[in-house]
Amino acid sequence: MSQKILEKSSSSIAHANLNNVDDMGKHFSYDRYVQELVWFDHGKINAAYNAVTKNAYSARRNKVALYYESDEGLKEKYTFQEVEERSNQIAHYLKKMGVEKGDRVFIFLPRVPELYFSFIAALKLGAVAGTMFSAFGPQALFDRLDQSDAHVLITNKELSQRLDSVRRKLPHLQHVLLTDGNFGAHYQNESKDFTCARTNEDDDAFMLYTSGTTGKPKGVVHGHRAIVHQYLTAKWVLDLKEDDVYWCTADPGWVTGIAYEILGTWANGASTVVTAARFDPADWYRIIQEYKVNVWYSAPTAVRMLAAQSDTLHSKYNLSSLRHLASVGEPLNPEIIHWSKRAYGLPFHDNYFQTETGGIMIANYPSLPIKPGSMGKPFPGIKVHIVDPEGNALPPNSIGRLTFEPNWPSLMKKLWRRPHKYDSYFMKMCPSRKKLYVTGDLAYIDEDGYVWFVGRDDDVIKTAGERVGPFEVESALVAHPDVVEAGVIGKPDELRGQIIKAFVVLQEGVWGNEKKKEEISQFVKKNLAGHAYPREIEFVDKLPKTRSGKIMRRILKAQEMGLPIGDTSTLEEY
Ligand code: ATP
Ligand code: MG
């Protein structure tokens with residue numbers, strides 16, 4: 001893996017909200033920063049109050065909180081005051097429906113303003129908000145509504161049809177509210193004032209199902225206190241400033257959309273751009289140009305697709321408003337970081353977290369030099385340990401389990417109705433017996449304290465006695481000019497235990513024949529390592545991905561081996 005440092009401009013460092021992560025890490029304590037949030041008496045806090053109400057009663061009152069564009073190009077904007085009022089009206093409506101503290105209110109909507117208002121409303125009531133990506137079909141919907149014992153579902157007429165076949169199997173589901181039906185027509189008659197619930201910091205606030213990359217999605221529950229970490233990470237990692245226009249391309253059906261499109265973002269007073277349209281390179285550049293987006297948070301899959309466009313596309317747009325770019329969800333291939341620096345004059349900053357961690361844990365900060373391919377350094381206060389399966393700490397540059405000391409405010413509170421699974425996330429360190437949260441990912445830390453992602457525990461390949469992470473092979477493949485994306489797996493092999501097999505998507509117009517396979521294979525062998533190159537390559541049109549954009553290597557593997565492919569509720573059509 002390349003250890004070369006990418007140069008940055010001194011102004012991006014000088015103006016960053018956090019100017020030295022190492023120094024901050026030495027003395028960090030949340031105690032000092034919790035004061036930047038609003039607490040009620042007796043240590044109570046409500047995340048929605050901090051995201052919206054606080055702003056609606058301040059100088060930010062008339063500031064745009066939400067710029068919205070529908071997929072038909074309809075444009076709307078809502079100030080913090082308006083978001084406050086709409087969410088208050090919905091909170092009243094839900095209360096009249098009998099929703100009480102702790103009840104699960106699920107939202108199944110495309111990206112429309114009501115999704116955001118309803119999420120905030122549920123939190124204001126002290127209910128538990130759950131979001132589901134609008135592409136889910138009946139089975140995925142049923143699994144989540146059933147597993148969570150949801151009481152209320154907020155959706156629209158079109159999407160509610162997917163519920164028809166399963167509704168009778170959901171005895172807990174008391175109300176299905178339609179934004180284009182009675183609910184939409186009536187909530188606006190409710191009062192615009194609502195007294196936000198004085199929730200305890202560890203009261204349940206929202207729950208999210210994981211992406212299902214490795215298996216059946218888990219229902220992760222977070223408390224109101226999660227906003228402390230979300231607020232601070234949005235400030236120091238995303239570098240959000242008061243006057244920023246910010247665009248997060250994630251859907252609120254996933255943790256990034258909740259933590260960094262709603263809670264952490266608004267707690268910092270930034271204006272957020274939401275568009276219902278699907279990914280389209282030219283349209284994305286148009287959005288950045290039109291809204292003068294300053295901070296852009298996206299995912300590797302999208303950036304790889306942008307990099308696959310012709311070199312002239314981005315230069316047709318004025319992207320000069322951009323100041324900071326960040327990426328999450330999957331490893332960010334070094335080649336893509338170099339490309340973004342060339343194309344936009346700015347590198348994408350990779351960062352790492354999980355639904356379970358509720359907020360960013362490891363990051364590249366504007367003020368920190370980037371080592372392309374590394375996830376950066378732990379957030380101040382986060383204590384990372386790389387350990388072996390027995391819990392022994394490993395020295396720098398050794399691959400092991402990525403674990404954290406469970407001491408940050410947005411660590412999941414529980415997995416809904418799965419206590420044993422929850423317990424399995426923790427282990428004891430050896431010999432100190434210190435409790436560790438285990439991510440399920442493998443990584444190593446270099447001598448400068450940068451953390452390098454190797455792969456998910458289950459995805460790491462053992463070939464001829466060596467451990468090889470799929471990410472480094474995929475990155476070496478993506479560096480080939482003809483390769484857009486690649487998914488790499490270990491394929492059982494009598495001689496070597498496993499061999500590396502790569503599924504490769506080629507640039508449009510490139511002919512995938514045997515000669516091309518050999519050329520790509522040799523390219524990786526030369527640039528990466530003699531043993532870590534794909535002995536088999538298969539050209540494919542598309543890779544199987546979750547709807548949140550992650551490569552599902554377990555599906556590639558199951559197909560390769562003729563095994564059942566398991567839970568596919570989050571699989572994108574492919
Ligand atoms: P499931 O737990 O259901 O299998 P999932 O792990 O994909 O799904 P998420 O919580 O959305 O669900 O994703 C977290 C995982 O995504 C991490 O554990 C890690 O494997 C991967 N990930 C996130 N960010 C990064 C990153 N910057 N680099 C590498 N991997 C990342
Ligand atoms: Mg996971």
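The values are calculated or read from the model by the stated rules, or taken from the named source; none is laboratory data. In this text the structure is predicted, and so the values were computed from the model without any measurement. We place every Cβ from the backbone using ideal geometry, glycine too, and count neighbours over all the protein chains shown. We work out accessible area using only protein heavy atoms, side chains counted, and drop any ligands, DNA or RNA first. Shrake-Rupley method; radii C 1.70, N 1.55, O 1.52, S 1.80 Å.
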**Q.** Förster radius 35 Å - calculated FRET efficiency between Asp180 and Leu563, Cβ distance, rounded to 0.05
**A.** 0.25
(Q) Quick check: pseudo-label points 7 Å beyond the Cα along Cα→Cβ at Arg286 and Glu514, how many nm apart are they? (A) 4.7
**Q.** Cross-link table Lys462/Lys501; Lys75/Lys235; Lys75/Lys292; Lys26/Lys383; Lys292/Lys371, entries beyond 18 Å C-alpha to C-alpha
**A.** Lys75/Lys235; Lys292/Lys371
Q) How would you rank 258-270, 13-25, 160-172, 77-89, highest first, on the average number of other Cβ atoms within 10 Å across their residues? A) 258-270, 77-89, 13-25, 160-172
Q: Compute the acute angle (0 to 90°) between the alpha-carbon long axis of helix 281-291 and the principal axis of greatest extent of the alpha-carbon atoms of the chain; round to the nearest 10°.
A: 50
(Q) For a protection proxy built on the mean count of beta-carbon atoms within 10 angstrom, sort 306-319, 381-394 highest first, please. (A) 381-394, 306-319
**Q.** Of Lys169/Lys435; Lys101/Lys550; Lys77/Lys413; Lys516/Lys545; Lys101/Lys545, those spanning more than 29 Å from alpha-carbon to alpha-carbon
**A.** Lys169/Lys435; Lys101/Lys550; Lys77/Lys413; Lys101/Lys545
Q) When Lys and Arg each count +1 and Asp and Glu each count -1, what net charge do the other residues less than 11 Å away from Lys413, Cβ to Cβ, add up to? A) -3
Q | Rule-of-thumb Rg ratio for the range 165-232 [Cα; 2.2 N^0.38 Å; N residues] | A | 1.56
(Q) Given a Förster distance of 22 Å, report the FRET efficiency between Phe426 and Asp458 from their Cβ-Cβ distance, rounded to the nearest 0.05. (A) 0.70
Q | Heavy-atom surface of the chain, accessible at 1.4 Å and reported per residue (Å²) | A | 39
Q) What is the dipole size for the range 146-273, taken about its Cα centre, with +1 at each Lys and Arg Cβ and -1 at each Asp and Glu Cβ, in debye to the nearest 20? A) 480
**Q.** Share, in percent, of DSSP beta bridges within the range 10-363 that are antiparallel, nearest 5
**A.** 30
Q | Between 0 and 90°, nearest 10: helix 514-527 axis offset from the chain longest Cα axis | A | 90
(Q) Within the range 7-48, list the residues whose amide N lies under 19 Å from a label point set 7 Å along Cα→Cβ of Asp448. (A) 7-14, 16, 18-26
Q) Per-residue HN-Hα couplings for the range 199-209, Karplus 6.51 cos²θ - 1.76 cosθ + 1.60 at θ = phi - 60°, whole Hz, x for Gly and Pro? A) 7, 6, 4, 9, 5, 5, 10, 8, 9, 9, 8
Q) Over all distinct Cα pairs, what is the inverse of the mean 1/r for the range 119-249, reported as the Kirkwood hydrodynamic radius in Å? A) 17.0
Q | Relative packing of peptides 235-247, 190-202 - highest average C-beta neighbours within 10 Å first | A | 235-247, 190-202
Q. Nearest 20 debye, what's the magnitude of the dipole of the range 136-175 about its Cα centre given +1 on Lys and Arg Cβ and -1 on Asp and Glu Cβ?
A. 100
Q.
Output the 0 to 90 degree angle, nearest 10, between the alpha-carbon long axis of helix 138-147 and the longest principal axis computed from the alpha carbons of the chain.
A. 70
Q) Hey, how many Å between the Cα centroid of the range 378-440 and the Cα centroid of the range 233-254? A) 27
Q: Net charge near Leu109: determine it from the other residues with C-beta under 12 Å of the C-beta of Leu109, scoring Lys and Arg +1 and Asp and Glu -1.
A: -2
Q | Lys/Arg +1, Asp/Glu -1 at C-beta; the range 10-363 dipole; positive extreme among Ile107, Ala91, Ala302 | A | Ala91
Q) How far is it, in nm, from the label point at Asp193 to the one at Lys434 when both lie 7 Å from their Cα along the line to the Cβ? A) 5.1
(Q) Under the rule a/c < 1.5 gives rounded, and otherwise a/b versus b/c splits prolate from oblate, where does the range 432-528 land using the Cα gyration tensor? (A) prolate
Q: Could you tell me which of Gly223, Gly440, Gly269 has its Cα farthest along the dipole of the chain towards the positive end, charges placed at Cβ (Lys, Arg +1; Asp, Glu -1), taken about the Cα centre?
A: Gly223
**Q.** Per-selection Rg to Rh, the chain - Cα, Kirkwood hydrodynamic radius
**A.** 0.95
Q. Toward the positive end of the charge dipole of the range 13-148, about the Cα centre and with charges on Cβ (Lys, Arg +1; Asp, Glu -1), which of Val38, Ala14, Ser70 goes farthest?
A. Val38
Q: Report, to the nearest whole %, how much of the accessible area of the range 461-561 belongs to carbon and sulfur atoms, 1.4 Å probe, protein only.
A: 46
Q. Which value in deg cm²/dmol, rounded to the nearest 500, describes the helix-derived mean residue ellipticity at 222 nm for the chain, given -39,500 (n - 2.57) per DSSP H run of n ≥ 4 and division by the residue count?
A. -7500 deg cm²/dmol
Q. Where nothing but the Cβ of Lys and Arg (+1) and of Asp and Glu (-1) is charged, how large is the charge dipole of the chain around its Cα centre, in debye to the nearest 20?
A. 800
**Q.** Translational diffusion coefficient (Stokes-Einstein; Kirkwood radius from C-alpha pairs) of the range 381-455 at 25 °C, 0.890 mPa s, in µm²/s
**A.** 190
(Q) How large a share of the accessible area of the range 381-455, in percent, is made up of carbon and sulfur atoms when the probe is 1.4 Å and the other protein chains stay in place? (A) 54
